Amino acid sequence: MIPIIKKVVLLSIAILLFLFAESEGANSKDEEKPVDFVNPYIGNISHLLVPTFPTIHLPNSLLRVYPERGDFTQVELHALPLVVTSHRGSSAFRLSPFQGEESDLRPVINYRYDQEKLTPYSYSVYLDEQQIQVDYGLSHQSAAYEIEFEKHDPSYLILSSGNGVLSWDGKALSGYQWIANDTKVYIYLMTQEQPARVSTLEHGNLTESKSMEGRNACLVLKYPKGTKRLNVHYGISFIDAEQAKANMLREVAGKSVTELQETGRKIWNKALGKIDINGGTSDERTVFYTSLYRCFERPVCISEGGRYFSAFDGKVHEDNGRPFYTDDWIWDSYRAHHPLRVLIDSKKEEDILNSFVLISEQMEHNWWPTFPEITGDSRRMNSNHGVASVIDAYRKGLRNFDLAKAYEACKGAITKKTLAPWSGKPAGELDVFYKLNGYIPALNEGEKETIPEVNSGEKRQPVAVTLGTSYDEWCLSQIAEELGKKEEAEFFKNGSFNYRNLFNSETKFFHPKDKDGKFIEPFSYKFSGGMGARDYYGENNGWTYRWDVQHNIPDLIFMMGGNDEFIKNLDRTFTESLGRSKYGFYAQLPDQTGNVGQFTMANEPSLHIPYLYNYAGRPWKTQKLIRKLIKEWFRNDLMGVPGDEDGGGMSAFVVFSAMGFYPVTPGIPEYSIGSPMFKHVSVSLENGKIFEIDAENASDENKYIQSATLNGEKLSTPWISHEAIENGGKLVFEMGSKANRAWGIR
């Protein structure tokens, strides 16, 4: 009996140890934090355009860097970056550590490299031919490098500016670089180890001098032979070098790279942890949190010690204790990026909208910005969809910005600035025609442009502008309604129907008309319009703009002949051939990649299209498509983004869609339901409440909603209100492998 008892005990102990090990493994896995799932390399290799860069930064911070190389696949780094001043911009200053002959010194050293490791808050790389190890950590406006030399040669640090001034004061190096529009970025840089000599480098020659000005201004700091380690701390500023120094002293002085990385990691986990997910594969979690990380890249806070430099009027302003933001491409970001921030960062969104009110006031004309950047408003693309972000935020309960001032600026941008794309000129002949006739006229083939407000390097984009302005006028009407301006609300509401003026009832497409009201013929909805279809549309062809009536989908359904015809046309969008070889198609439409038929996953005007089935009684088709699109086009690999991501504009679509809903019409406080990917999602709202989404049995196969409840009550419509989310609670889906065609058809 004793041996049997002994065996039982030993077996029990073995089972307990196994369970304990399993538990430890589970706990270890659970210890993975959101930032551990971020892969900044996703999308660094493009299909055509370059979607993403592996950016190192803290959420919405002024200081951003990434390793500079001509393309991800190139084998050399162009020095070490110090600050990238704009989304997709190049580094304003470059730092090059070097060991070797002085005759080999250059303003920018190109390095062969290996062992690169990059996270949102850290960077490490081995410059193998130079035998130099580099480690990097950063804060909001300052950063630090630790540089270790393996060779015994004299050591050098080379700092170069593309066009500016650099000087050495005996303790630190400071200076600035011109960017654009009378905007400068300043630097203040110190090393803990004092250099033995400071020189300028020009045309390969070293000169005993401590300052240099002009193009390729370059200072060389030489350190004694045997120097093995250099600790570099620096701050940047858009105000002046003294502010750059103050930023450095406030944020990184006395801190090691490791300490900065540990702090940065905590900051990122707090930001990304606002959305907690459970379930899905490791790759799916990586795609989700990488997409969320991209949503914190822009806009950036440029308040420094209570002040900020505004390129919109060329002055330094007090921020009065409220952060000032810029660098936001609203044409891309209004669709999902701004609405996502309304959900998880509502106070920040209020500060951003308040910044845009100030930007409008600081410019020559009180016009709402379209592409506010560090260097001012670049007035890119067509229409002014910033007005949508204003009404969307207000309708969802955000109040800490001046709605009346925002309205006047938005109204001015749409009625007093020209509607011609890529132009900041006042309204002119083209705009008079729009106000009288309700559409932008197209030029016939061979007809030359004569209207001065049209950008000389661009086209009228008449269909895109007409449809976009119709939506903008709807947004204006909604703001006017909120402000009690009944006559103006009615006026802009009438303008919101102008899309009807270009609808071709025979083809059921939006079709350009000339100044005499005649449709342009002959016409191809795939290929007419030249490069980027810009003669008539904008970056995308007529198949994409067929669905560009976000603010009045029921009317679009009506014009197409009812639900059944609408569904047929939607179906055909996803099956229609390119009509040419891929080479030929993308040679004309390089922005329209990520194709499923004529649908393009790669450009923001398409993001709402898969959700349109919900509005015509076929929500199961939305569920099927969303899963297909996310799985095929957003992946955990170097080509895992299908097109121009625009610093959060497209990534926000992934975040929303993976959670299971999407804001089809910013300005209407509701969300269209798709197919939740994860078994559990918890969204921490700024009001302290939690909104949860449970998707029971969710998997690759189980992508169809069988039933749903909201706070225990049956949900039979394929949308939920913002109020339901804002109040906290739980949305529960029962998922299955085959469509429940009866769910959500109300």
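Points to keep in mind about this one:
- Residues satisfying the stated conditions in region 72-90, i.e. of a type in the set (A, V, I, L, M) and not in a loop (DSSP other than H, G, I, E, B): 77, 80, 84
- Output for region 107-124, where each listed residue is surrounded by 17 or more Cβ atoms within 10 Å (Cβ to Cβ), part of a strand (DSSP E or B), of a type outside the set (A, V, I, L, M, F, W, C) and within 28 Å of the chain's Cα centre (by Cα): 119, 122, 123, 124
- Criterion (touching a residue at least 12 places away in the same chain (Cβ under 8 Å) and at positive phi) met by exactly one of 640, 649, 667: 667
Here's the yes/no breakdown for (1) among the aromatic types (Phe, Trp, Tyr); (2) farther than 27 Å from residue 475 by Cα; (3) crowded, with 18+ Cβ neighbours inside 10 Å:
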{"position": "518", "(1), (2), (3)": "no, yes, no"}
{"position": "522", "(1), (2), (3)": "no, yes, no"}
{"position": "529", "(1), (2), (3)": "no, yes, yes"}
{"position": "548", "(1), (2), (3)": "no, no, yes"}
{"position": "571", "(1), (2), (3)": "no, yes, no"}
{"position": "579", "(1), (2), (3)": "no, yes, no"}
{"position": "582", "(1), (2), (3)": "no, yes, no"}
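- So residue 201, is it under 38 Å from the mean Cα position of the chain (by Cα) and either in a loop (DSSP other than H, G, I, E, B) or closer than 30 Å to residue 72 by Cβ (or both): no
- Residues located in region 531-542, provided they are crowded, with 24+ Cβ neighbours inside 10 Å and either of a type in the set (A, V, I, L, M, F, W, C) or under 17 Å from residue 617 (Cβ atoms) (or both): 533
- In region 631-643, the residue that is nearest to residue 331 (Cα to Cα) out of those that are aliphatic (A, V, I, L, M) and surrounded by fewer than 24 Cβ atoms within 10 Å (Cβ to Cβ) is 639.
- Any hit, region 169-184, residues being of a type in the set (Val, Ile, Thr), in contact with a Phe, Trp or Tyr (Cβ under 8 Å, 6 or more places away or on another chain) and surrounded by 20 or more Cβ atoms within 10 Å (Cβ to Cβ): no
- Residue, nearest to the chain's Cα centre (by Cα), within region 387-400, restricted to residues that are of a type outside the set (A, V, I, L, M) and buried (at least 20 other Cβ atoms within 10 Å of the Cβ): 389
- Sole exception among (1) more than 29 Å from the chain's Cα centre (by Cα); (2) touching a residue at least 60 places away in the same chain (Cβ under 8 Å) for residue 524, by number: (2)
- Of all residues in region 208-222, those being on the phi < 0 side of the Ramachandran plot, in a strand (DSSP E or B) and at pLDDT below 95 number 1.
- Given (1) in contact with a Cys (Cβ under 9 Å, 6 or more places away or on another chain); (2) crowded, with 21+ Cβ neighbours inside 10 Å; (3) farther than 29 Å from residue 296 by Cβ, number of the condition residue 140 does not satisfy: (3)
- Any hit, region 218-225, residues being among the charged types (D, E, K, R), closer than 30 Å to residue 323 by Cα and crowded, with 17+ Cβ neighbours inside 10 Å: no
- Inclusion of residue 523 among residues that are under 18 Å from residue 442 (Cα atoms) and either among the aromatic types (Phe, Trp, Tyr) or part of a helix (DSSP H, G or I) (or both) is warranted.
- Restricting 138, 159, 166 to residues that are in contact (Cβ under 8 Å) with a residue 12 or more places away in the chain and within 30 Å of residue 37 (Cα to Cα) narrows the list to 138.
- The sole residue among 692, 701, 734, 686 that is more than 17 Å from residue 601 (Cβ to Cβ), outside any strand (DSSP E or B), free of Cβ contacts under 8 Å to residues at least 60 places away in the same chain and among the acidic types (Asp, Glu) is 701.
- Counting only residues that are in a loop (DSSP other than H, G, I, E, B) and surrounded by fewer than 19 Cβ atoms within 10 Å (Cβ to Cβ), region 91-106 holds 3 of them.
- Residues (within 18 Å of the chain's Cα centre (by Cα) and of a type in the set (Asp, Glu)) located in region 351-386: 351, 373, 377
- Selection from region 573-604 of residues that are in contact with a strand residue (DSSP E or B) (Cβ under 7 Å, 6 or more places away or on another chain) and in a helix (DSSP H, G or I): 573
- Hits in region 454-468 (condition: out of contact with any helix residue (DSSP H, G or I) (no Cβ under 6 Å at 6 or more places or on another chain) and either over 16 Å from residue 380 (Cβ atoms) or not in a helix (DSSP H, G or I) (or both)): 454, 455, 456, 457, 458, 459, 460, 461, 462
- Residue match in region 231-242 (condition: out of contact with any strand residue (DSSP E or B) (no Cβ under 9 Å at 6 or more places or on another chain) and either under 20 Å from residue 175 (Cβ atoms) or surrounded by 18 or more Cβ atoms within 10 Å (Cβ to Cβ) (or both)): no
- Residue count, region 479-489 (criterion: surrounded by fewer than 24 Cβ atoms within 10 Å (Cβ to Cβ) and either of a type outside the set (D, E, K, R) or at pLDDT below 95 (or both)): 4
- When residues of region 433-461 are limited to those that are hydroxyl-bearing (Ser, Thr, Tyr) and under 18 Å from residue 495 (Cα atoms), the one surrounded by the most Cβ atoms within 10 Å (Cβ to Cβ): 439
- Options 413, 442, 388; residue that is farther than 22 Å from residue 354 by Cα, of a type in the set (A, V, I, L, M) and either modelled with pLDDT of 95 or more or touching a strand residue (DSSP E or B) at 6+ places or on another chain (Cβ under 7 Å) (or both): 442
- Verdict on residue 657 being modelled with pLDDT of 95 or more, of a type in the set (Gly, Ala, Ser) and assigned to a strand (DSSP E or B): no
- Here region 325-343 is the region considered, the condition is being without any contact (Cβ under 8 Å) to a residue 60 or more places away in the chain and within 10 Å of the chain's Cα centre (by Cα), and the residue that is surrounded by the most Cβ atoms within 10 Å (Cβ to Cβ) is 328.
- Candidates 187, 239 - the one that is at pLDDT 95 or above, in a loop (DSSP other than H, G, I, E, B) and not hydroxyl-bearing (Ser, Thr, Tyr): 239
- Hits in region 85-135 - residues which are within 20 Å of residue 162 (Cα to Cα) and hydrophobic (A, V, I, L, M, F, W, C): 92, 93, 95, 98, 105, 108, 109
- Tally of residues being outside any helix (DSSP H, G or I) and either at pLDDT below 95 or farther than 23 Å from residue 552 by Cβ (or both) across region 606-644: 11
The values are calculated or read from the model by the stated rules, or taken from the named source; none is laboratory data. The shown structure was predicted, so the numbers you read here are calculated from the model rather than taken from an experiment. As a convention, Cβ positions derive from the backbone with ideal geometry for all residues, glycine included, and neighbour counts pool all protein chains shown.
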